[in-house]
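Q: One structure is given below, represented as C-alpha coordinates, and several questions about it will come after.
The values are calculated or read from the model by the stated rules, or taken from the named source; none is laboratory data. Nothing here was measured: the structure is a model prediction, and the numbers come from that model. In this analysis, Cβ positions are derived from the backbone assuming ideal geometry, glycine residues included, and neighbour counts consider all displayed protein chains.
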Amino acid sequence: MTTTTPEALSGLWRLVRFVYRWPDGKEVAPLGSAAGQLIYLLDRERPGRMSVQVMSVERPPLDLQSDASQALHFRSGFAYAGQWSLDEGRVHHDVDMASLAFWEGARLSRDVTLESDRLTLSTDEPSPQILQGGYVTLLEWAR
(Lines give C-alpha, C1' and ligand atoms only; values in the text may rest on other atoms or scores of the structure.)
Protein backbone atom coordinates (compact mmCIF):
# COMPACT_ATOMS: atom_id res chain seq x y z
CA MET A 1 0.00 0.00 0.00
CA THR A 2 1.30 3.46 -0.95
CA THR A 3 1.55 6.11 1.76
CA THR A 4 -1.37 8.47 1.38
CA THR A 5 -0.07 12.03 1.23
CA PRO A 6 -1.43 15.07 -0.57
CA GLU A 7 1.43 14.71 -3.07
CA ALA A 8 0.48 11.05 -3.74
CA LEU A 9 -3.15 12.03 -4.48
CA SER A 10 -2.30 15.10 -6.53
CA GLY A 11 -2.93 14.86 -10.25
CA LEU A 12 -5.42 13.39 -12.71
CA TRP A 13 -7.31 10.14 -12.11
CA ARG A 14 -9.68 8.30 -14.46
CA LEU A 15 -12.65 6.28 -13.24
CA VAL A 16 -12.28 2.50 -13.40
CA ARG A 17 -15.37 1.44 -11.45
CA PHE A 18 -18.32 2.99 -9.58
CA VAL A 19 -20.52 0.65 -7.51
CA TYR A 20 -22.64 0.38 -4.41
CA ARG A 21 -21.68 -2.72 -2.35
CA TRP A 22 -23.87 -4.31 0.33
CA PRO A 23 -22.48 -6.42 3.21
CA ASP A 24 -23.60 -9.65 1.48
CA GLY A 25 -21.32 -8.79 -1.49
CA LYS A 26 -24.11 -7.67 -3.84
CA GLU A 27 -22.99 -4.80 -6.08
CA VAL A 28 -25.00 -2.37 -8.18
CA ALA A 29 -23.49 0.01 -10.74
CA PRO A 30 -25.89 2.97 -10.38
CA LEU A 31 -24.90 4.53 -13.70
CA GLY A 32 -24.25 1.29 -15.54
CA SER A 33 -21.01 1.63 -17.45
CA ALA A 34 -19.52 4.93 -16.27
CA ALA A 35 -16.65 7.22 -17.18
CA GLY A 36 -15.15 9.95 -15.08
CA GLN A 37 -12.19 12.02 -14.05
CA LEU A 38 -10.95 13.29 -10.72
CA ILE A 39 -8.39 16.06 -10.37
CA TYR A 40 -6.58 16.99 -7.17
CA LEU A 41 -4.51 20.19 -7.37
CA LEU A 42 -2.02 21.23 -4.71
CA ASP A 43 -1.34 24.84 -3.78
CA ARG A 44 1.09 25.63 -0.97
CA GLU A 45 -0.35 29.14 -0.53
CA ARG A 46 -3.99 28.12 0.03
CA PRO A 47 -6.14 24.96 0.28
CA GLY A 48 -5.95 22.52 -2.62
CA ARG A 49 -8.66 22.41 -5.26
CA MET A 50 -10.45 19.38 -6.64
CA SER A 51 -12.92 18.58 -9.37
CA VAL A 52 -14.79 15.37 -10.18
CA GLN A 53 -17.08 14.41 -13.05
CA VAL A 54 -18.78 11.01 -13.38
CA MET A 55 -21.31 10.06 -16.06
CA SER A 56 -22.97 7.08 -17.65
CA VAL A 57 -21.53 6.18 -21.04
CA GLU A 58 -24.88 4.60 -21.99
CA ARG A 59 -26.87 7.85 -22.24
CA PRO A 60 -29.22 8.12 -25.22
CA PRO A 61 -29.05 11.27 -27.34
CA LEU A 62 -30.46 14.34 -25.59
CA ASP A 63 -33.81 15.60 -26.86
CA LEU A 64 -34.06 19.25 -25.74
CA GLN A 65 -37.79 19.24 -26.51
CA SER A 66 -38.44 16.40 -24.02
CA ASP A 67 -38.61 16.96 -20.25
CA ALA A 68 -38.19 13.20 -19.74
CA SER A 69 -35.01 13.16 -21.83
CA GLN A 70 -33.60 16.14 -19.94
CA ALA A 71 -34.43 14.50 -16.57
CA LEU A 72 -32.74 11.26 -17.68
CA HIS A 73 -29.59 13.16 -18.62
CA PHE A 74 -29.60 15.01 -15.30
CA ARG A 75 -29.78 11.67 -13.44
CA SER A 76 -27.05 10.08 -15.57
CA GLY A 77 -24.10 11.66 -13.81
CA PHE A 78 -22.78 14.19 -11.35
CA ALA A 79 -20.02 16.72 -10.98
CA TYR A 80 -18.68 18.92 -8.23
CA ALA A 81 -15.66 21.03 -7.34
CA GLY A 82 -14.21 22.66 -4.28
CA GLN A 83 -11.38 22.54 -1.79
CA TRP A 84 -9.86 19.30 -0.56
CA SER A 85 -7.84 18.15 2.41
CA LEU A 86 -6.44 14.88 3.69
CA ASP A 87 -6.75 13.77 7.32
CA GLU A 88 -5.90 10.35 8.80
CA GLY A 89 -6.79 8.23 5.76
CA ARG A 90 -9.82 10.31 4.75
CA VAL A 91 -10.07 12.89 2.03
CA HIS A 92 -12.53 15.73 2.55
CA HIS A 93 -14.16 17.53 -0.37
CA ASP A 94 -15.55 20.91 0.70
CA VAL A 95 -17.94 21.52 -2.17
CA ASP A 96 -18.55 25.01 -3.51
CA MET A 97 -20.22 24.13 -6.84
CA ALA A 98 -22.10 20.99 -7.84
CA SER A 99 -24.56 19.55 -10.34
CA LEU A 100 -26.67 18.61 -7.29
CA ALA A 101 -27.37 21.89 -5.52
CA PHE A 102 -27.72 20.31 -2.04
CA TRP A 103 -24.04 19.28 -2.20
CA GLU A 104 -23.00 22.96 -2.39
CA GLY A 105 -21.55 23.94 0.98
CA ALA A 106 -21.35 20.29 2.08
CA ARG A 107 -18.28 18.35 3.22
CA LEU A 108 -18.15 14.99 1.43
CA SER A 109 -15.63 12.75 3.21
CA ARG A 110 -14.25 9.55 1.72
CA ASP A 111 -11.99 6.80 3.07
CA VAL A 112 -8.84 6.53 0.95
CA THR A 113 -7.01 3.40 -0.16
CA LEU A 114 -4.00 4.05 -2.39
CA GLU A 115 -2.13 1.13 -3.94
CA SER A 116 0.48 2.12 -6.51
CA ASP A 117 -1.49 3.76 -9.35
CA ARG A 118 -4.93 2.73 -8.01
CA LEU A 119 -7.04 4.96 -5.75
CA THR A 120 -10.24 3.80 -4.05
CA LEU A 121 -12.55 6.32 -2.41
CA SER A 122 -15.35 4.88 -0.30
CA THR A 123 -18.12 6.03 2.00
CA ASP A 124 -21.06 4.50 3.79
CA GLU A 125 -23.07 7.73 3.58
CA PRO A 126 -26.30 7.12 1.61
CA SER A 127 -26.38 8.38 -1.96
CA PRO A 128 -29.16 10.56 -3.36
CA GLN A 129 -29.88 7.64 -5.71
CA ILE A 130 -30.56 5.08 -2.91
CA LEU A 131 -31.41 6.94 0.28
CA GLN A 132 -32.03 3.99 2.62
CA GLY A 133 -28.29 3.28 3.00
CA GLY A 134 -26.83 -0.01 4.21
CA TYR A 135 -24.20 -0.12 1.46
CA VAL A 136 -20.75 1.31 0.75
CA THR A 137 -20.13 3.53 -2.26
CA LEU A 138 -16.87 2.62 -4.03
CA LEU A 139 -15.21 4.71 -6.69
CA GLU A 140 -12.03 3.17 -8.07
CA TRP A 141 -9.62 5.37 -10.01
CA ALA A 142 -6.38 4.82 -11.96
CA ARG A 143 -3.65 7.20 -13.12
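Q: Tell me, please, whether a residue that is in contact with an Asp or Glu (Cβ under 8 Å, 6 or more places away or on another chain) and either under 23 Å from residue 4 (Cα atoms) or outside any loop (DSSP other than H, G, I, E, B) (or both) can be found in the stretch 20-34.
A: Yes, the conditions are met somewhere in the stretch 20-34.
Q: Oh, and also: Taking into account only those residues within the stretch 54-97 that are touching a helix residue (DSSP H, G or I) at 6+ places or on another chain (Cβ under 6 Å) and in a strand (DSSP E or B), which is surrounded by the fewest Cβ atoms within 10 Å (Cβ to Cβ)?
A: Ranking the candidates gives 86 first.
Q: I'd like the full set of residues that are assigned to a strand (DSSP E or B) and modelled with pLDDT under 95, limited to the stretch 39-53. First the steps, then the outcome.
A: So the first thing to find is which residues in the stretch 39-53 are assigned to a strand (DSSP E or B), and the list is 39-41, 48-53.
The one that is assigned to a strand (DSSP E or B) and modelled with pLDDT under 95: 48.
Q: Moving on. Select from the stretch 108-141 the residues that are more than 13 Å from the chain's Cα centre (by Cα), farther than 16 Å from residue 28 by Cα, in a strand (DSSP E or B) and not acidic (Asp, Glu) and list them in ascending order.
A: Within the stretch 108-141, 113, 114, 118 qualify.
Q: What are the residues in the stretch 112-137 that are farther than 17 Å from residue 39 by Cα, modelled with pLDDT of 90 or more and either surrounded by 12 or more Cβ atoms within 10 Å (Cβ to Cβ) or of a type in the set (Gly, Ala, Ser) (or both), if any?
A: Within the stretch 112-137, 123, 135, 136, 137 qualify.
Q: Could you please tell me which pairs satisfy a Cβ distance under 7 Å, a separation of 6+ or placement on different chains, a first residue in the stretch 69-96 that is free of Cβ contacts under 8 Å to residues at least 60 places away in the same chain, and a second residue that is charged (D, E, K, R) and outside any strand (DSSP E or B)?
A: Listed pairs, sorted by first residue: 69/63; 73/59; 76/59; 95/104; 96/104.
Q: Then there is this: Look through the stretch 1-23, keep the residues that are under 13 Å from residue 120 (Cβ atoms) and of a type in the set (Ser, Thr, Tyr), and return whichever of them is surrounded by the most Cβ atoms within 10 Å (Cβ to Cβ).
A: Per the stated criteria, the residue is 4.
Q: Further question: Scan the stretch 76-94 for residues that are touching an Asp or Glu at 6+ places or on another chain (Cβ under 7 Å) and closer than 14 Å to residue 123 by Cβ and jot them down.
A: Scanning the stretch 76-94 gives 89, 90.
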